[in-house]
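Participant: Pasting in a structure now, in structure tokens, and then I'll have a few things to ask.
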Amino acid sequence: MNTLKAEKRSMDIKAKKLRREGYVVGNVFGKKIEGSIPVKFQKLELEKFLKKAHKGSQIMLDVEGTQYDALIKDVAYNPVAGRIDEIDFQALVSSEKVHSSAEIHLLNESKLVAGIPQQMLHEINYKALPASLVEKIELDVGDLKIGDTIRVKDLVIAKDENIDLITDLDSTVVTVTEPRVSTD
């Protein structure tokens, strides 16, 4: 499990000032934490970390020596400034189900003989115990034909009895359509 180091943040210093100094602010909350713990991260270290982890990832969060098994709940990007403004974590309790999401990644798109895959759903929302959390779902579309459709209920995650899906089972994940030719 990936470990991310954080420092406790004094609320006397405004987030804007911390961002100018090269930090990203955030919060850690959870059932066993009273209120929340305001934290700050070195901007470059966090950006590097988020290349291998993302919203929905389960990580080990080290806040000045205290370890939290945590879930990345939200990452607030500022597209104008091209930076991360804030990141929130939920400290997990091993016996309590948490809401999370798993990204859907299509595999072998180049092996499709005919048709173009149209991905309708990019993530699945669900509830599970920390031990059953899923970060991503890899879906092989290489053998699909024009007209084939894969729904949420067809995915491996839908058959896992440790996971309670929130996303509708009949939602379309991907469908293969015929290429359209322009007649201009």
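Participant: Take the cross-link list 32/73; 52/153; 73/127 and give me the ones stretching past 19 Å between alpha-carbons.
Facilitator: Violating the 19 Å limit, Cα to Cα: 52/153.
Participant: Antiparallel versus total DSSP beta bridges in the chain: what percent is that, nearest 5?
Facilitator: Counting DSSP beta bridges with both partners in the chain, the antiparallel share is about 75 percent.
Participant: Ok, one more. Please give the residues of region 23-56, grouped as numeric ranges, whose backbone N is less than 15 Å from a label point set 7 Å along the Cα-to-Cβ vector of residue 103.
Facilitator: So the set is 47-56.
Participant: Would you list the P(r) distribution for region 27-94, with all Cα-Cα distances sorted into 5 Å bins from 0 and each bin expressed as a whole %?
Facilitator: 4, 16, 28, 29, 14, 7, 2, 0
Participant: Can I ask one more? Before I look further, what does the chain give for accessible area per residue, probe 1.4 Å, in whole square angstrom?
Facilitator: The answer is 60 Å² per residue.
Participant: Here is a further query. Tell me the carbon and sulfur percent of the accessible area for the chain, rounded to whole percent, probe radius 1.4 Å.
Facilitator: Accessible surface attributable to carbon and sulfur in the chain totals 48 percent.
Participant: Quick one: net charge around residue 165, please, counting Lys, Arg +1 and Asp, Glu -1 for every other residue with C-beta under 13 Å from its C-beta.
Facilitator: In short, -2.
Participant: Please give the net charge around residue 142, taking every other residue with its beta carbon less than 12 angstrom from that of residue 142, where Lys and Arg add +1 and Asp and Glu add -1.
Facilitator: -3
Participant: Can you give me the Cα centroid spacing of region 155-184 and region 7-84 in angstrom?
Facilitator: 32 Å
Participant: With N set to the residue count of region 39-184, report its C-alpha Rg divided by 2.2 N^0.38 Å to two decimal places.
Facilitator: That works out to 1.27 for region 39-184.
Participant: Full-extension gain between residue 113 and residue 143, please, as 0.36 nm times their residue separation minus the C-alpha to C-alpha distance.
Facilitator: Computed gain between residue 113 and residue 143 is 10.0 nm.
Participant: Express in nm, to one decimal, how much length is gained between residue 162 and residue 177 on full extension, taking 0.36 nm for each residue of separation and deducting their alpha carbon distance.
Facilitator: That works out to 2.0 nm of additional length.
Participant: Shifting gears a bit: Sum up the charges of everything whose Cβ sits under 10 Å from the Cβ of residue 93, counting Lys and Arg as +1 and Asp and Glu as -1, but leave residue 93 out.
Facilitator: Once all neighbours under 10 Å are counted, the net charge is +1.
Participant: What is the mean projected area of the alpha carbon convex hull for region 1-116, to one decimal in square nanometres?
Facilitator: Mean shadow area of the hull around the Cα atoms is 10.0 nm².
Participant: Moving to a separate point now. Using θ = phi - 60° and the Karplus relation 6.51 cos²θ - 1.76 cosθ + 1.60, list the HN-Hα couplings for region 83-94 in order, rounded to whole Hz, with x at every Gly or Pro.
Facilitator: 8, 8, 8, 7, 9, 10, 10, 10, 6, 8, 10, 4
Participant: Right, next: Anything over 23 Å Cα to Cα? Flag those among 5/97; 55/145; 8/31; 48/159, in the order listed.
Facilitator: 5/97; 55/145; 48/159
The values are calculated or read from the model by the stated rules, or taken from the named source; none is laboratory data. Model, not experiment: these values are computed from the prediction. Positions of Cβ are generated from backbone atoms using ideal geometry, with glycine treated the same way; all protein chains shown enter the neighbour counts. Just so you know, the surface numbers come from the protein's heavy atoms only, side chains and all, with ligands and any DNA or RNA stripped out. Shrake-Rupley method; radii C 1.70, N 1.55, O 1.52, S 1.80 Å.
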